[in-house]
Every structure is written in structure tokens, then in C-alpha cells.
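A.B. asks: Here it is, the structure in full.
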């Protein structure tokens, strides 16, 4: 992290748009709200980070952490397909996309052994509602596509 959450907020306050959108810090935010809870000014920093990521994507800014972005895309694709996340498939697709198949194999096998990863995805009954959410977002951002980008 270069700036940490308070530094990112300061960049926004100073109007340093390109610096804030190109920094890694907005991609490292997990949205846990720890910094938001601790903020003496009651700023929802996690929401600011999320908004900055969206702006960076919309404005085609070079993404400082493409691996994190790719992981987010795989999570969204899983939700689009099943209505919820299928962790095993998310990790497999992410690892294929990164061309890094074996670095976490031992952890994956331990998670499978402890039944932390389902082999088959669980699905929701009414996937059309989820697809409508994606469709509305995509139409607002890009046009008339039906799948997440």
C-alpha cells in the first residue's frame, strides 16, 4: 500500500484524480469497513474505494492490480451463472486466467479435505432476478449486453 485509506481520501480531497485512480490501494480494499468504523469523520471509506474502482474501470484507467480485478470478475461471473458464488470454480478460472495453476494447490487440497469447497455449485431457484440486476447494470454502463463484463 502506498497511501493507506486516509491517504486515498486525501488524494480525493486534493482533486488528484489520476493518482488516486491509478494507485494500488483502491484495489487492496476488501470492503471490511474496519477503516470506515474507525474514521473520526464517519466517512464510509469502503464505499469510496468501491466507487473509485468503478470510476477507474469506466474511464479505462490502467488497473494497478489486474490480478485483483480478474478475481472480482470471476466472482461476478459465478454469481451471474449460479446466483451465488461457487468458490472452487472461481479459483480454478482465476488460476487459469493468471496462468498460475499450482502455487496454491496444497491449500486447495486442504480446503477440499475439510469440505470448505463444494465440488458442484449450489444454485438459486430464480436466476432471472439475478440476471436482471446484471442486465440493468450492464445496460446503464455499456449498452445492451446481458452478461457481466
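FYI, it's all coordinate maths here, none of it is from the lab. Computed from a predicted structure; not experimentally measured. Using ideal geometry, Cβ is built from the backbone for each residue, glycine included, and neighbour counts are taken over all protein chains shown.
A.B. asks: Sort all Cα-Cα distances of the range 4-58 into consecutive 10 angstrom bins from zero, then give the percent of pairs in each bin up to the one containing the longest distance.
C.D. replies: Here the calculated profile for the range 4-58 is 26, 59, 15, 0.
A.B. asks: On to the next question. Determine, from the Cβ-Cβ distance of residue 119 and residue 30 and an R0 of 30 Å, the FRET efficiency 1/(1 + (r/R0)^6), rounded to the nearest 0.05. Before the final figure, lay out each step's value.
C.D. replies: Working: r = 27 Å, r/R0 = 0.89.
That pair, residue 119 with residue 30, gives E of 0.65.
A.B. asks: Starting from 0.36 nm per residue, how many nanometres of slack lie between residue 61 and residue 18 once their C-alpha separation is accounted for? Mind dumping the intermediate values first?
C.D. replies: Details: separation 43, 0.36 × 43 = 15.48 nm, distance 0.83 nm.
Using 0.36 nm per residue and subtracting the Cα-Cα distance, I get 14.7 nm.
A.B. asks: Next question. Residue 70 to residue 92: extension gain in nm, 0.36 nm per residue of separation minus the Cα-Cα distance? Don't skip to the answer; put the middle values down first.
C.D. replies: Numbers: separation 22, 0.36 × 22 = 7.92 nm, distance 1.21 nm.
Residue separation times 0.36 nm, minus the Cα-Cα distance, leaves 6.7 nm.
A.B. asks: Enumerate the residues in the range 41-80 having an amide nitrogen under 16 Å from the point lying 7 Å beyond the Cα of residue 137 toward its Cβ.
C.D. replies: Of the residues in the range 41-80, 47-59, 69-80 have backbone N under 16 Å from the label point off residue 137.
A.B. asks: So I have (1) 129; (2) 112; (3) 151, and one of them is volume of the Cα convex hull per residue in Å³ calculated from this model. Which one is it?
C.D. replies: Identified label for the calculated read-out: (3).
A.B. asks: So what's the back-of-envelope 222 nm ellipticity for the chain, counting only DSSP H runs of four-plus at -39500 (n - 2.57) apiece and dividing by all residues, rounded to 500?
C.D. replies: Helix contribution divided over all residues of the chain: -18500 deg cm²/dmol.
A.B. asks: Compare 114, 87, 95 in a GNM of the chain, Cα atoms joined below 10 Å, and give the one with the largest fluctuation.
C.D. replies: 114
A.B. asks: Next question. Could you check the simple spin-label distance between residue 127 and residue 4, using points 7 Å along Cα→Cβ, in nm with one decimal?
C.D. replies: 4.5
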